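The values are calculated or read from the model by the stated rules, or taken from the named source; none is laboratory data. On a predicted model such as this, the values are computed, not experimentally measured, just so you know. Every residue, glycine as well, gets a Cβ built from its backbone with ideal geometry; the counts of neighbours run over all protein chains shown.
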Amino acid sequence: MQGKKMIALLVAGALGLALAAGAGAQAPPPPPKTVPAPKVRQPLQQLTVEGKIRYMKAMGGYYIRGKTEVYIIANQNPQVLDALVKSGKAVTIVAKPSGDILKIISIDGKPYRGTEQPALK
């Protein structure tokens, strides 16, 4: 009889521990830590580049070679750009960037108007 009581006591203790552990597992999860939203870099509205304008048909026409990068000119106006290529002088360009392609707004502080590209069909 003594052995049966001992086994019953051990079973009751194990059952009590199991129920207590199960109740602890049922607790609500802790609130999630607030993670700040990743900062997204906004595209540049304007870019100022100092360099010399060059012409190379393989590069797509006119481009400007700055101190650290080479940019292709999107709105090319051969009348204006040819004179700058021949002079070989460095110019300051304010442009709207799109990757390594620039749409020129002004050259040396003077407004620039490029030729319009024909609409694609």
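Just a few scattered comments:
- Residue that is modelled with the lowest pLDDT, among those in the range 99-121 that are under 23 Å from Glu69 (Cα atoms) and β-branched (Val, Ile, Thr): Ile101
- Just one residue in the set Leu47, Leu9, Leu19, Leu84 is of a type in the set (A, V, I, L, M) and within 21 Å of the chain's Cα centre (by Cα); that residue is Leu47.
- When the range 54-88 is filtered for residues that are within 14 Å of Lys103 (Cα to Cα) and among the β-branched types (Val, Ile, Thr), the ones remaining, listed by number, are Ile64, Val70, Ile72, Ile73.
- Taken over the range 13-45, the residue count meeting the criterion of being modelled with pLDDT of 75 or more, in a loop (DSSP other than H, G, I, E, B) and among the hydrophobic types (A, V, I, L, M, F, W, C) is 3.
- Of all residues making up the range 99-108, the number that are surrounded by fewer than 18 Cβ atoms within 10 Å (Cβ to Cβ) and either free of Cβ contacts under 8 Å to residues at least 12 places away in the same chain or not β-branched (Val, Ile, Thr) (or both): 5
- Applying the criterion of being under 23 Å from Gln42 (Cβ atoms) and out of contact with any strand residue (DSSP E or B) (no Cβ under 9 Å at 6 or more places or on another chain) to the residues of the range 52-98, the residue that is surrounded by the fewest Cβ atoms within 10 Å (Cβ to Cβ) is Thr68.
- Of the residues making up the range 39-78, just one is touching a residue at least 40 places away in the same chain (Cβ under 8 Å) and charged (D, E, K, R), namely Glu50.
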